[in-house]
Ligand SMILES: Nc1ncnc2c1ncn2[C@@H]1O[C@H](COP(=O)(O)OP(=O)(O)OP(=O)(O)O)[C@@H](O)[C@H]1O
Ligand SMILES: [Mg+2]
């Protein structure tokens with residue numbers, strides 16, 4: 001029989017009153033893997049994390065972490081995980097060092113071991129200089145890093161990170177990515193939630209795209225990207241009158257349907273060979289006597305994923321789409337091993 005997965009969720013359902021936060025959620029992370037759970041605001045990410053970390057009971061379904069059942073063996077689950085929540089567990093009145101020292105002591109380390117571990121983590125997270133200042137004076141990004149460091153104190157086999165880089169500046173994001181990559185090199189299993197396709201792409205072996213509490217697509221980042229398409233070419237027309245013609249040119253050089261934002265006069269399309277498509281678009285606009293500005297090539301975003309998979313933008317951008325019953329078929333990028 002195959003080794004049990006490090007994290008497994010089967011048919012998880014959770015209602016908050018009339019609101020179904022999880023609607024048959026399925027997740028699976030093998031040992032030593034990074035599973036990225038990608039979804040917009042309200043998709044159910046934090047609810048899933050709370051269930052996997054035993055902070056919340058599912059209404060139905062089944063979940064295990066490190067082989068332990070979240071319902072019947074919550075203590076064993078807690079011993080196996082490090083958790084960094086969307087909402088920080090940092091004690092504002094303590095210094096960075098004191099925070100980590102305290103957590104280390106809570107895990108039963110000796111004073112000297114706790115001190116060494118705290119300093120080590122502060123260095124890893126580029127908090128060495130701020131180590132002896134109270135956390136209340138930290139920037140949001142520093143606090144977030146401190147919280148993340150706290151989750152790693154006991155070197156747990158499974159680390160669960162709920163939007164680890166939301167609110168961080170690009171530098172803080174890169175540092176955090178680096179730490180996560182190092183964890184994985186050491187054999188730790190990581191489940192991380194994110195709203196950034198780029199982040200899931202950079203870190204995750206396997207990505208589950210979730211919406212309305214269920215998985216709508218699943219695969220490696222490569223599989224997801226080939227489904228969603230490559231770069232996007234976007235530009236802004238000079239006038240509303242010219243917008244349809246700009247969109248037409250994009251249609252010609254692109255690989256999918258053009259997305260038009262009439263208010264912003266912006267048109268956007270997926271392209272295969274980015275810079276060649278860009279040059280070609282500009283050439284064609286020129287030949288038509290049209291001008292466009294803010295011409296840019298960018299990587300696909302979560303919104304692009306959603307648009308491709310569901311024909312709608314992410315719920316976060318819409319006015320309460322999530323009230324409506326959605327009957328979206330799950331689009332399995334790769335066949336899920338349901339009976340594994
Ligand atoms: N304690 C609660 N009481 C009532 N509704 C809740 C509660 N927690 C979550 N919900 C609802 O469940 C759904 C999923 O919420 P959840 O926090 O899991 O989403 P999320 O993916 O973490 O979103 P975000 O990206 O904003 O953190 C949302 O519609 C939310 O309003
Ligand atoms: Mg959340």
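Share of pairwise Cα-Cα distances greater than 18 Å in region 231-298 is 21 percent (whole percent). With 0.36 nm allotted per residue and the present C-alpha distance subtracted, the residue 286-residue 119 stretch has 54.2 nm of extension available. Of the peptides 31-42, 141-152, 285-296, the order by per-residue mean of other Cβ atoms within 10 Å, starting with the highest, comes out as 141-152, 31-42, 285-296. Summarising the strand pairing of region 147-290, around 70 percent of its internal DSSP beta bridges are antiparallel.
Taken over the alpha carbons of region 115-272 as equal point scatterers, the Debye sum produces base-10 log I(q)/I(0) values at 0.15, 0.19 Å⁻¹ of -0.89, -1.13. The distance from the alpha carbon centre of region 232-283 to that of region 34-86 is 42 Å, rounded to a whole number. Multiplying the residue separation of residue 41 and residue 223 by 0.36 nm and subtracting their alpha-carbon distance yields 63.2 nm. Given contacts defined as C-alpha pairs under 8 Å and at least six residues apart, what's the relative contact order of the chain, whole-number percent? Once divided by the residue count of the chain, the mean separation gives 19 percent. Anisotropy class assigned to region 45-141 is prolate, per the alpha carbon gyration tensor with a/c at or over the 1.5 cut-off and a/b larger than b/c. With a Förster radius of 35 Å applied to the C-beta separation of residue 248 and residue 198, the computed FRET efficiency comes to 0.75. Could you let me know the centre-to-centre spacing of region 1-25 and region 176-215, using Cα atoms, in angstrom? Here the two parts' Cα centres lie 18 Å apart.
Placing R0 at 45 angstrom, the Cβ-Cβ distance between residue 155 and residue 279 gives a FRET efficiency of 0.35 after rounding to 0.05. Remark: spin-label model distance residue 69-residue 171 equals 5.0 nm, labels positioned 7 Å along the Cα→Cβ axis. Length gained on full extension, residue 186 to residue 79: 36.7 nm, using 0.36 nm per residue less the C-alpha separation.
Pairs of Cα atoms under 8 Å, at least six residues apart: use those to get the relative contact order of region 231-298, whole percent. For region 231-298, the relative contact order is 47 percent. Take the Cβ atoms of residue 139 and residue 56, set R0 to 41 Å, and the FRET efficiency comes out at 0.85.
When shorter helices are ignored and each DSSP H run of at least 4 residues is given -39500 (n - 2.57), the per-residue value for the chain at 222 nm works out to -10500 deg cm²/dmol. Counting only alpha carbon atoms, the long axis of helix 243-253 and the longest principal axis of the chain meet at about 80°. Across the chain, Cα-Cα distances exceeding 39 Å account for 23% of all pairs. If both residues of a DSSP beta bridge must be in region 7-225, then about 55% of such bridges are antiparallel.
Values in this text are rule-based calculations from the coordinates and carry no lab data. Quantities reported herein were computed from a predicted structural model and do not represent experimental measurements. For neighbour counting, all protein chains shown are included, and Cβ atoms are generated from backbone atoms with ideal geometry for every residue, glycine included.
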